[in-house]
Amino acid sequence: RARGLLRGHHGIETDLARAELAEVVRLGRRVDVLERELRALVGPDDPLLAIAGLGVISAAVIRGEAGEVSRFASSDAFAMFAGIAPLPASSGRTSRVRYNRHGNRRINRAFWTIAVWQAKFDPRARAYLARKREEGKSWREALRCLKRQLVRPVFAALLAGHQPAAL
């Protein structure tokens, strides 16, 4: 469609637009090749792919960054590793938690992608977010809560698809 818009036009700006369009097409093809390679590495029967909103790229990121999943004692330890578990920030009688800016940011970003997808398309996640909003949480706080809830099924799927490392 963009090529059709450029047809019949001449000049430096048009030439630059054609060059940019060619680059976008080339990069799109490269993305397709890389996604096929990741799909082969992750495998079509990976338990992670059964989770709503978790695609091949997110599965590859989570598997690759988590490494040997048996090193985590629980899903809570995995959440702390990923920077998803909230940190206590209480003082005196005031009990509160704060956002965790530490941990593996790549896994955290993958969880954010999953949570946003579920917030848009999964009715259960939408209901959960609505409950959190009614509790007085902001959209970002509710999304953080959803990310934390997603850790358990993702960790269980990681364990289900875990193959012990060779000695």
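The values are calculated or read from the model by the stated rules, or taken from the named source; none is laboratory data. Values in this document were obtained by computation on a predicted structure and should not be read as measured data. Here the Cβ is made from the backbone with ideal geometry for all residues, glycine too, and neighbour counts use every protein chain on show. Heavy atoms of the whole protein, side chains included, go into the accessibility calculation; ligands, DNA and RNA do not. Shrake-Rupley method; radii C 1.70, N 1.55, O 1.52, S 1.80 Å.
Among the residues here, residue 144 does not qualify as open to solvent by 60 Å² or more (accessible area, probe 1.4 Å), at pLDDT 95 or above and assigned to a helix (DSSP H, G or I). Restricting 85, 119 to residues that are open to solvent by less than 70 Å² (accessible area, probe 1.4 Å), of a type outside the set (D, E, K, R), out of contact with any strand residue (DSSP E or B) (no Cβ under 8 Å at 6 or more places or on another chain) and modelled with pLDDT under 95 narrows the list to 85.
Considering region 20-29, and only residues there that are without any contact (Cβ under 8 Å) to a residue 12 or more places away in the chain and open to solvent by less than 60 Å² (accessible area, probe 1.4 Å), the residue that is farthest from residue 2 (Cα to Cα) turns out to be 28.
Taking first residues from region 50-75 that are among the aromatic types (Phe, Trp, Tyr) and partners that are modelled with pLDDT under 95 and not in a loop (DSSP other than H, G, I, E, B), no Cβ contact under 6 Å between residues at least 6 apart in sequence or on separate chains turns up. Residues in region 30-61 that are of a type in the set (D, E, K, R) and either open to solvent by less than 30 Å² (accessible area, probe 1.4 Å) or not in a helix (DSSP H, G or I) (or both): 45, 46. The residue of region 122-137 that is nearest to residue 112 (Cα to Cα), among those that are open to solvent by 50 Å² or more (accessible area, probe 1.4 Å) and assigned to a loop (DSSP other than H, G, I, E, B), is 137.
Could you run through region 62-75 and say how many residues are loosely packed, with under 15 Cβ neighbours inside 10 Å and not in a loop (DSSP other than H, G, I, E, B)? Let's see the steps before the verdict.
Within region 62-75, the first condition is being loosely packed, with under 15 Cβ neighbours inside 10 Å, and the residues that meet it are 64, 67-68, 70-71, 73-74.
Now drop any that are not not in a loop (DSSP other than H, G, I, E, B), which leaves 64, 70-71.
Qualifying residue count, region 62-75: 3.
A Cβ distance below 9 Å, combined with a sequence gap of six or more or placement on separate chains, defines the contacts here; from region 140-152, residues that are more than 11 Å from residue 116 (Cβ to Cβ) and polar (S, T, N, Q) reach residues that are assigned to a helix (DSSP H, G or I) and modelled with pLDDT of 95 or more in the pairs 149/115; 149/125; 149/128.
Among the residues in region 93-102, are any modelled with pLDDT under 95, buried (at least 16 other Cβ atoms within 10 Å of the Cβ) and out of contact with any Cys (no Cβ under 8 Å at 6 or more places or on another chain)? Explain how you work it out, then say what you get.
Step one: of region 93-102, the residues modelled with pLDDT under 95 are 93-102.
Cutting the leftovers down to buried (at least 16 other Cβ atoms within 10 Å of the Cβ) gives us 100.
Cutting the leftovers down to out of contact with any Cys (no Cβ under 8 Å at 6 or more places or on another chain) gives us 100.
Scanning region 93-102 turns up at least one residue that is modelled with pLDDT under 95, buried (at least 16 other Cβ atoms within 10 Å of the Cβ) and out of contact with any Cys (no Cβ under 8 Å at 6 or more places or on another chain).
The set of residues in region 6-19 being touching a helix residue (DSSP H, G or I) at 6+ places or on another chain (Cβ under 9 Å) and part of a helix (DSSP H, G or I) consists of 6, 14, 17, 18.
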